[in-house]
Amino acid sequence: MKKKIIFYIMIFLFVCSSIGLTFNILNLTSKLNSQKKYENNITNNKKSKEVENKKLEEVKSEYEILKNNNTNKIEDYQAWEKKNEEIKSYIK
Amino acid sequence: MGKEKRRNKKLYKIVFILIISLLTISIIGNVLIFVKTQEIEHQVMKLNRNYKKENNDLKNIQQEVKKYEEEINDLNNIDENTKKIKEELFDNIKTLEDKILAGQSDKKIVYITFDDGPYYSTYKVLNILKENNVWATFFIIGQSKSACYDNKSHNCYEVINEIAKNGHTIANHTYSHAIFQGLYSSKNNFIEQVKKQEDLIKSYTGLTTNIIRFPGGISTAGRLKSSITEELRNMNYGWIDWTASDGDGGSLTGKDQAWSNFKNSINSNIEVLLLHDYSNISISILPDIIKYLKDNNYLILPLSYKSNMVNK
């Protein structure tokens, strides 16, 4: 009778352990998937970063060229803007 | 019977050992997988941090790209933007004028205006205005300006463009200014002179003006005053005289007289000061005029059609 009880306890523990093992495997699979997903995202981000950095260099240089070609016009605009702000402060 | 019992006992033993073994394997498997899962989770967290950092970097770069693209767009439209800000400024000046006229502001406004140019000496005026960071209004004429009166080797039409480039208001003073050669002989003749000058200004600056000052002032138009002003109104023009001057249009004995004339004529909260850019006396006292006006709380502003001082 005692042996039978031990036997059933063993069976119960085995079932529990098997269920735990299944959950652990599922959990591990999920973590591995996440890991892969993040690695892919980081790779994609790096590629996008390279593209955006290139784009940034292009727009920066275009901006500098335009800025240098329009120095007087920029100064004029800023002068009008400053005067406008001054007048606005008097009519508040 | 004894034999069968022994066999059952043996079978039970085998099954028991088998279960123990499987249980052991399962527990070891659980532990190993748990450890591995923790390790992977740690890596995922690290990757997550890296991903967030990379993502932030990417967003920052994209924002910077966007910022530069907006700046480029602004620079490509700088002429249009300058035009817009000037229009906004003129609206605000009109509002300030309304407040001053209603006694709701202690500020004062003066519009410095120069008649009859351009001349070669206009360059000196432009330099003084630039040095003092103020804008003025130039009522220009067009006839016989291919050679400046004060420097025959210089084409005075070039000065018109220089006035515009410096941001000053360019306004119409008729093409010929020929008061004694029939300018006011008829309405049609006068209007023709206005249109001719309008075309000239547009051809040299690309600007369209709709402010005019009558040569000699509105009173010089005599009996034609009302018919001309009505026609100008139809053409969407406004006209303006002056409220102050240093007398440089007449005969001046010297700087002292000009200075005295100027000071005596400045007494309202909104003034339209008449000067001539051919007058060496006016040019020589212009820095002092500007200083005096600034010291007396006057804002020196360029004129626009929207101003209350422009009659519509």
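Derivation of every value follows stated rules applied to the coordinates shown; laboratory data play no part. Bear in mind the structure is a predicted one, so any value in this text is a computation, not a measurement. Cβ coordinates were reconstructed from backbone atoms using ideal geometry, including for glycine residues, and neighbour counts include every protein chain displayed.
Return the calculated 222 nm mean residue ellipticity for chain B, to the nearest 500 deg cm²/dmol, obtained by summing -39500 (n - 2.57) across DSSP H runs with n ≥ 4 and dividing by the residue count.
Numbers: 8 runs with 174 residues, N = 312.
Dividing the helical sum by the residues of chain B leaves -19500 deg cm²/dmol.
Which of B:ILE25, B:ILE228, B:ILE141 moves most in a GNM of chain B, Cα contacts under 10 Å?
It is B:ILE25.
What FRET efficiency comes out for B:LYS312 versus A:LEU66 if R0 is 45 angstrom and r is the Cβ-Cβ distance? Round to the nearest 0.05.
0.70
Could you tell me the extents of chain B's C-alpha atoms along the three principal axes, largest first, rounded to whole Å?
The Cα atoms of chain B stretch 153, 45, 41 Å along the principal axes, largest first.
When a/c reaches 1.5 or more, the comparison of a/b and b/c decides; with that in mind, is region B:56-129 rounded, prolate or oblate per its Cα gyration tensor?
It comes out oblate by the Cα gyration axes.
Taking the inverse of the average 1/r across all pairs of different Cα atoms in region B:146-238, what Kirkwood radius in Å do you get?
Values: mean 1/r = 0.0712 Å⁻¹.
One decimal place: 14.0 Å for the Kirkwood radius.
Of B:VAL272, B:VAL35, how do they rank once you tally other Cβ atoms within 10 Å and put the fewest first?
Values: B:VAL272 22, B:VAL35 10.
Exposure proxy ranking, most exposed first: B:VAL35, B:VAL272.
Tell me, what is a quarter of the convex hull surface for the C-alpha atoms of the protein assembly as shown, in nm² with one decimal?
Numbers: hull surface 143.9 nm².
It is 36.0 nm².
Return a single number: how many Lys pairs in region B:155-285, at a sequence separation of 8 or more or on separate chains, have alpha-carbon atoms below 27 angstrom apart.
11
Straight-line reach from B:LYS13: which aspartates and glutamates fall under 19 Å, measuring Cα to Cα and dropping same-chain residues less than 8 apart?
Once the sequence-local aspartates and glutamates are set aside, what remains near B:LYS13 is B:GLU4.
Can you give the direction-averaged projected area of the convex hull of the alpha-carbon atoms in region B:38-161, in nm²? Intermediate values should be presented prior to the final figure.
Numbers: hull surface 62.5 nm².
Answer in nm², one decimal: 15.6.
Averaging sequence separations of C-alpha pairs under 8 Å and six or more residues apart, then dividing by the length of chain B, give the relative contact order as a whole percent.
Numbers: 397 pairs, mean separation 66.3, N = 312.
Worked out over chain B, it gives 21 percent.
List the equivalent ellipsoid semi-axes of region B:195-312 in whole Å, largest first, each obtained as the square root of 5λ for an eigenvalue λ of the Cα gyration tensor. List each step's numbers first, then the result.
On the way: eigenvalues 154, 52, 48 Å².
The equivalent ellipsoid of region B:195-312 has semi-axes of 28, 16, 16 Å.
Say R0 is 25 Å: what FRET efficiency, to the nearest 0.05, do A:SER89 and B:MET235 get from their beta-carbon distance? If you can, show how the numbers build up before the last one.
Details: r = 36 Å, r/R0 = 1.43.
Rounded to the nearest 0.05, the efficiency is 0.10.
What residue among B:ILE266, B:ILE72, B:ILE93 shows peak mean-square fluctuation when chain B is described by a Gaussian network model with Cα springs under 10 Å?
B:ILE72
Pull out the extension gain between B:LEU18 and B:SER146, defined as 0.36 nm times the separation in residues minus the alpha carbon to alpha carbon distance; nm, one decimal. Don't skip to the answer; put the middle values down first.
Working: separation 128, 0.36 × 128 = 46.08 nm, distance 11.63 nm.
The B:LEU18-B:SER146 span can extend by a further 34.4 nm.
Give the separation of the Cα centroids, region B:237-258 to region B:100-176, in Å.
About 14 Å separates the Cα centre of region B:237-258 from the one of region B:100-176.
Take the alpha-carbon centre of region B:52-80, take the same for region A:6-83, and report the distance between them in whole Å.
19
Where both partners of a DSSP beta bridge lie in the protein assembly as shown, what percent of those bridges are antiparallel, to the nearest 5?
Around 10 percent of the beta bridges assigned by DSSP in the protein assembly as shown are antiparallel ones.
Taking Cα atoms, how many degrees apart are the long axis of helix B:187-205 and the longest axis of chain B, rounded to 10 and kept between 0 and 90?
The answer is roughly 40 degrees.
Any idea which of B:ASN127, B:SER21, B:GLY103 is furthest toward the positive side of the dipole for region B:1-135, if Lys and Arg beta-carbons carry +1 and Asp and Glu beta-carbons -1?
B:SER21
Report the residue, chosen from B:ARG223, B:ARG213, B:ARG49, that carries the largest GNM mean-square fluctuation when chain B is represented by alpha-carbon nodes joined by springs under 10 Å.
Between B:ARG223, B:ARG213, B:ARG49, it is B:ARG49 that shows the largest mean-square fluctuation.
Give the dimensionless ratio obtained when the Cα radius of gyration of chain A is divided by 2.2 N^0.38 Å.
Details: Rg = 34.8 Å, N = 92, 2.2 N^0.38 = 12.3 Å.
Ratio of Cα Rg to 2.2 N^0.38 Å: 2.84.
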